[in-house]
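The values are calculated or read from the model by the stated rules, or taken from the named source; none is laboratory data. Being a predicted model, the structure only gives us computed values, none of them experimental. Note that we place each Cβ from the backbone using ideal geometry, even for glycine, and neighbour counts take in every protein chain shown.
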């Protein structure tokens with residue numbers, strides 16, 4: 001049985017960039033993790049961190065052994 005895994009990454013999205021999600025133009029975020037992997041995930045998973053300025057910070061995302069999204073948190 002495989003273990004759950006986590007990835008860490010930085011995001012820097014202005015509120016104008018994230019507006020594409022609200023307009024239905026974009027549904028996913030694509031970014032590179034600290035270890036060089038390219039990941040794609042639903043923008044809805046990060047929406048809770050949206051401010052008037054956008055979404056900025058360092059995040060950790062957890063996946064199940066079946067590669068299903070489990071959660072995300074902002075780090076320090």
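Being touching a helix residue (DSSP H, G or I) at 6+ places or on another chain (Cβ under 7 Å) and either within 13 Å of residue 12 (Cα to Cα) or part of a strand (DSSP E or B) (or both) is not true of residue 39. With respect to the conditions (1) at pLDDT below 95; (2) under 12 Å from the mean Cα position of the chain (by Cα); (3) surrounded by 13 or more Cβ atoms within 10 Å (Cβ to Cβ), residue 40 lacks only one, and its number is (3).
Taking the conditions (1) in contact with a strand residue (DSSP E or B) (Cβ under 8 Å, 6 or more places away or on another chain); (2) free of Cβ contacts under 8 Å to residues at least 40 places away in the same chain in turn, residue 23 satisfies each one other than (1). Out of all the residues in region 42-76, which are part of a strand (DSSP E or B) and closer than 13 Å to residue 6 by Cβ? Passing the criteria: 58, 59, 60, 61, 62, 63, 69, 70, 71, 72, 73, 75.
Identify the residue in region 58-76 that is surrounded by fewer than 15 Cβ atoms within 10 Å (Cβ to Cβ) and touching a helix residue (DSSP H, G or I) at 6+ places or on another chain (Cβ under 9 Å) and, among all such residues, is nearest to residue 42 (Cα to Cα). Selected residue: 69.
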